[in-house]
């Protein structure tokens, strides 16, 4: 069941109470009363100040089978509040949400771009599913599908998060992926599972 904004506000308010050992946290967050009144089923998230781009001049391609060090592949940029980052046509950059999020063990989420930006050519993707127990800022994949540069500004509303309840599966449930606890966007690692590795060996791609 997707939570309405007023239900999210109630869960956030409960999380502020002393003794709540598994709270929902979204900070900074809109005023709880404002959430009660907006009548939606999501909360807007804002763009943070850190961006990561790929170093195009330093590589001919990206290989999943033989990944390079992240420092060789990427470059990190800090854009202060009040300044703009220009995303050029057919360009791609990793951003991060301003909000720090913590999901309790009975709640998951998914993130969608805002249609007002999509109509201007700004495509916003992320790891769409956010698992129970996730803690950190969310990495956003931003690309310009339009014909002119788009100026994006830290602090602006960039996407929306939908929350839904899931059945509790135990008190130790927590997301332990490589993207937990981040305050800056990262490229991350792509791991081949056992089946992919075996197929690569069998067909001459490994060994």
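At 7 Å along Cα-to-Cβ for each site, give me the label-to-label distance between residue 31 and residue 115 in nm.
That separation, rounded to one decimal, is 2.8 nm.
Calculate the spin-label point distance for residue 156 paired with residue 135, positioning each point 7 Å from the Cα along the beta-carbon direction, and give it in nanometres.
Label at residue 135, label at residue 156, 3.3 nm between them.
With a Förster radius of 30 Å, plug the Cβ-Cβ distance of residue 17 and residue 40 into 1/(1 + (r/R0)^6) and report the FRET value to the nearest 0.05.
0.75
Classify segment 72-166 as rounded, prolate or oblate, taking a ≥ b ≥ c as the square roots of the eigenvalues of its Cα gyration tensor: rounded when a/c is under 1.5, otherwise prolate if a/b is larger than b/c and oblate if not.
Prolate is the answer for segment 72-166, as a/c is 1.5 or above and a/b outweighs b/c.
How much length is gained on full extension from residue 7 to residue 90, taking 0.36 nm per residue of separation minus their Cα-Cα distance? Write down the numbers at each step before the final one.
On the way: separation 83, 0.36 × 83 = 29.88 nm, distance 3.89 nm.
Contour length minus Cα-Cα distance gives 26.0 nm.
Readers should treat all values here as calculations from the given coordinates under stated rules, not as data from a laboratory. Predicted model, so just to flag it, every value in this text is computed and none were measured. A quick note on method: Cβ atoms are made from the backbone with ideal geometry, for glycine too, and the neighbour counts reach across all protein chains shown.
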